[in-house]
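Visitor: Below is the structure I would like to discuss, written out as structure tokens.
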Amino acid sequence: MRLDVVTIFPEYLEPLNVSLVGKARARGQLNVHVHDLRSWTHDRHHTVDDTPYGGGPGMVMKTDPWGDALDSVLADGYETGAREPALIVPTPSGRPFTQELAVHLSERPWLIFTPARYEGIDRRVVDEYAARIPVYEVSIGDYVLAGGEAAVLVVTEAVARLLPGVLGNAESHRDDSFAPGAMAGLLEGPVYTKPPVWRDRGIPEVLLSGHHGRIARWRRDEALRRTTANRPDLIERCDPRAFDKKDREM
Ligand SMILES: COc1cccc(COC(=O)c2cn[nH]c2)c1
């Protein structure tokens, strides 16, 4: 997978060189290119923003630097054999970024991130590229950041960990919260490891029983408990029949 990020804060994307994403890059599973948007400005102050038409507070990111940057990134990617690019625009007004969307994006060969600063990017930039390639405007949550770079780190990590071979234990993303399957979109329950007692706190007996059926049922009940407490909205969405089938098997 090829990832391009165009940003006025390239240093903000340094974390893409470490840990999980860093390893995937080292293995050649990810090909990451971070570009400074100001490389495509030509004035002394490297201007990337201007006042909003219609008035109002804040500034808007200008069309020309983005257009020149994206044309250049696309040309460079195509030249080096990348195909089927998609634009990812982090924005509070986008569609919710979910595990389902992370899975979908992890299957694409080339993602181009355009994190914005200020009040956002002149709409004509998205309109221009939406005419040529898929554009995903995604929100990582209902709050406003100073810029989209943190959202790029979030989306990149959620996507990279799904790439085959990136996560050590291939199964571990199957039981993620929100991952489809036995836990059917529920939150994960509590997890424990050694020592068996810590500051007089033990482990739920069932987990030491070696009885896999009971353990699976306990984990599902704990997931239901936690989801009911923290995310009742997910309860309606999950498919109760998924549990009945599991119960019959246990
Ligand atoms: C593109 O327009 C804007 C405008 C304002 C801020 C941002 C940065 O993204 C976020 O704040 C965000 C992303 N998901 N949740 C919050 C982008």
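The values are calculated or read from the model by the stated rules, or taken from the named source; none is laboratory data. Owing to the predicted nature of the structure, the values given are computational and were not obtained by experimental measurement. Note that each Cβ is placed from the backbone with ideal geometry, even for glycine, and that neighbours are counted across all protein chains shown. Heads up: the accessible areas ignore ligands, DNA and RNA and are worked out on the full protein's heavy atoms, side chains in. Shrake-Rupley method; radii C 1.70, N 1.55, O 1.52, S 1.80 Å.
Visitor: Once ligands and nucleic acids are excluded and a 1.4 Å probe is used, how much of Y136 is accessible, expressed in Å² to the nearest 10?
Guide: 20 Å²
Visitor: Report D for the chain in µm² per second (integer): Stokes-Einstein, Kirkwood Rh on Cα pairs, 20 °C, 1.002 mPa s.
Guide: The estimated diffusion coefficient comes to 103 µm²/s.
Visitor: Each label point is 7 Å from the Cα along the Cα-to-Cβ direction; what then is the distance between the points at R231 and S209, in nm?
Guide: Between R231 and S209, the simple spin-label model gives 2.7 nm.
Visitor: Taking square-rooted eigenvalues a ≥ b ≥ c of the alpha carbon gyration tensor, is region 32-100 rounded, prolate or oblate, where a/c under 1.5 means rounded and, failing that, a/b exceeding b/c means prolate?
Guide: It comes out oblate by the Cα gyration axes.
Visitor: Still on this structure: Calculate, for the chain, the solvent-accessible area per residue in square angstrom, rolling a 1.4 angstrom probe over the heavy atoms of the protein chains.
Guide: Accessible area per residue: 58 Å².
Visitor: Each label point is 7 Å from the Cα along the Cα-to-Cβ direction; what then is the distance between the points at D200 and R44, in nm?
Guide: 7.2 nm
Visitor: Using a probe of 1.4 angstrom, how much of the accessible area of region 2-160 is carbon and sulfur, in percent?
Guide: Answer for region 2-160: carbon and sulfur cover 52 percent of the accessible area.
Visitor: For the chain, take the longest principal axis of its alpha carbons; what is the angle in degrees between that and the long axis of helix 63-79, to the nearest 10 within 0 to 90?
Guide: So the helix axis and the longest Cα principal axis differ by about 70 degrees.
Visitor: Ok, one more. So for the pair T80, A146, with labels modelled 7 Å out along Cα→Cβ, what separation do we get in nm?
Guide: 3.0 nm
Visitor: Between region 105-170 and region 1-75, how far is it from one alpha carbon centroid to the other, in angstrom?
Guide: 12 Å
Visitor: Using 0.36 nm times the number of residues separating D71 and Q29, minus their current alpha carbon distance, what extension gain do you get?
Guide: My answer for the length gained is 12.7 nm.
Visitor: Next question, about the same structure. Helix-only estimate, please: 222 nm mean residue ellipticity of the chain, summing -39500 (n - 2.57) across DSSP H runs of length 4 or more and dividing by its residues, to the nearest 500.
Guide: Theoretical 222 nm ellipticity from helices: -10500 deg cm²/dmol.
Visitor: Applying 1/(1 + (r/R0)^6) with R0 = 22 Å to the Cβ-Cβ distance of A130 and V18, what FRET efficiency is obtained, to the nearest 0.05?
Guide: The formula returns an efficiency of 0.10 here.
Visitor: Let me ask another. Which one of A216, A69, A102 has the biggest mean-square fluctuation once the chain is modelled by GNM with Cα springs under 10 Å?
Guide: Of A216, A69, A102, the most mobile in the Gaussian network model is A216.
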